[in-house]
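Q: Sending over a structure as structure tokens; questions will come in a sec.
The values are calculated or read from the model by the stated rules, or taken from the named source; none is laboratory data. This is a predicted model, so every value here is computed, not measured. Glycine also receives a Cβ, built like all others from the backbone with ideal geometry; neighbour counts cover every protein chain displayed.
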Amino acid sequence: MSCHTSQSNWKSVRFDHGSVSGSCSSCHNGSTADGKQSKHVSTTAQCDVCHTSQSNWKSVRFDHGSVSGSCSSCHNGSTADGKHSKHVSTTAQCDVCHTSQSNWKSVRFDHDSVSGSCTSCHNGTTAEGKHSKHVTTSAQCVSCHISQSSWKSVRFDHGSVSGSCSSCHNGTTAEGKHSKHVTTSASVSVVTPLRAVGSRCVLITAVSVAAVQVVITAQSLRVSTVSI
């Protein structure tokens, strides 16, 4: 009764491993006691090198530093966790991207080795896609986003845009008027470049009924409205 806890079922057992000497495999050999199943990681190490619980085989620590061979020889979905159904399509080994052995979400990704369009992965399913407040566009990510590590590093070609500025520059979709901006309800739709007029720089923007002339001199900044 030191081990058997039931008088009707010999397999109902408690076992104090603290009183045992010798190696795990001298008993856990598949005959005397449960041994490695057919899909177990190939190893000659003793059970307690990885298994940290005597009551739960699935409580495991694993030292990848002592492993040779490719990740996928174990991480194939059978022997150990493999790629899930929504994983980026790749034949690269796990450690090319995954930098942590305890957290799959700690990832580095080399976009230089990728072919195809951004949206084939950045579709909101396989990888992060456009958020709900993104500027409406069918252009590929790389048309504006110039960094692979920061989405906020952006270049934008306004020359290809139609519509009013404020349809995007509303403080939500894109940066809008700051708190100290000149009070106005005007909606600028066409902007001409700065032009030199004598010693001044003049910028004229066409609005619905008036043009705002910005005059910059060495001494002052003056804003005035002229009729068009």
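Q: Right, Cys3: over 30 Å from Phe109 (Cα atoms), in contact with a strand residue (DSSP E or B) (Cβ under 6 Å, 6 or more places away or on another chain) and free of Cβ contacts under 8 Å to residues at least 60 places away in the same chain or not?
A: Against the criterion (over 30 Å from Phe109 (Cα atoms), in contact with a strand residue (DSSP E or B) (Cβ under 6 Å, 6 or more places away or on another chain) and free of Cβ contacts under 8 Å to residues at least 60 places away in the same chain), Cys3 qualifies.
Q: Right, something else. What number of residues within the range 44-73 satisfy the criterion of being over 30 Å from the mean Cα position of the chain (by Cα), under 19 Å from Ser102 (Cβ atoms) and of a type in the set (Ser, Thr, Tyr)?
A: Total meeting the criteria: 2.
Q: Next question, about the same structure. Determine which single condition Gln54 fails, assuming it passes every other condition in (1) outside the structural domain of Gly18 (by TED's automatic domain parsing); (2) at pLDDT below 85.
A: The one condition Gln54 does not meet is (1).
Q: So which of Cys3, Cys47, Cys27 is within 30 Å of Cys94 (Cα to Cα) and surrounded by 10 or more Cβ atoms within 10 Å (Cβ to Cβ)?
A: Cys47
Q: Turning to a different aspect of this structure: Thr32 - would you say it is under 30 Å from Arg14 (Cα atoms) and β-branched (Val, Ile, Thr)?
A: yes
Q: Is there a residue being over 13 Å from the mean Cα position of the chain (by Cα), exposed (fewer than 10 other Cβ atoms within 10 Å of the Cβ) and either assigned to a loop (DSSP other than H, G, I, E, B) or modelled with pLDDT under 85 (or both) anywhere in the range 134-145?
A: Looking for residues that are over 13 Å from the mean Cα position of the chain (by Cα), exposed (fewer than 10 other Cβ atoms within 10 Å of the Cβ) and either assigned to a loop (DSSP other than H, G, I, E, B) or modelled with pLDDT under 85 (or both), one finds at least one in the range 134-145, hence yes.
Q: Would you tally the residues in the range 82-98 being of a type in the set (Val, Ile, Thr), surrounded by 12 or more Cβ atoms within 10 Å (Cβ to Cβ) and in a loop (DSSP other than H, G, I, E, B)?
A: The number of residues fulfilling the criteria is 2.
Q: Then there's this: Can you tell me which residue in the range 35-78 is nearest to Lys11 (Cα to Cα), limited to those that are of a type in the set (Val, Ile, Thr) and in a loop (DSSP other than H, G, I, E, B)?
A: Thr52
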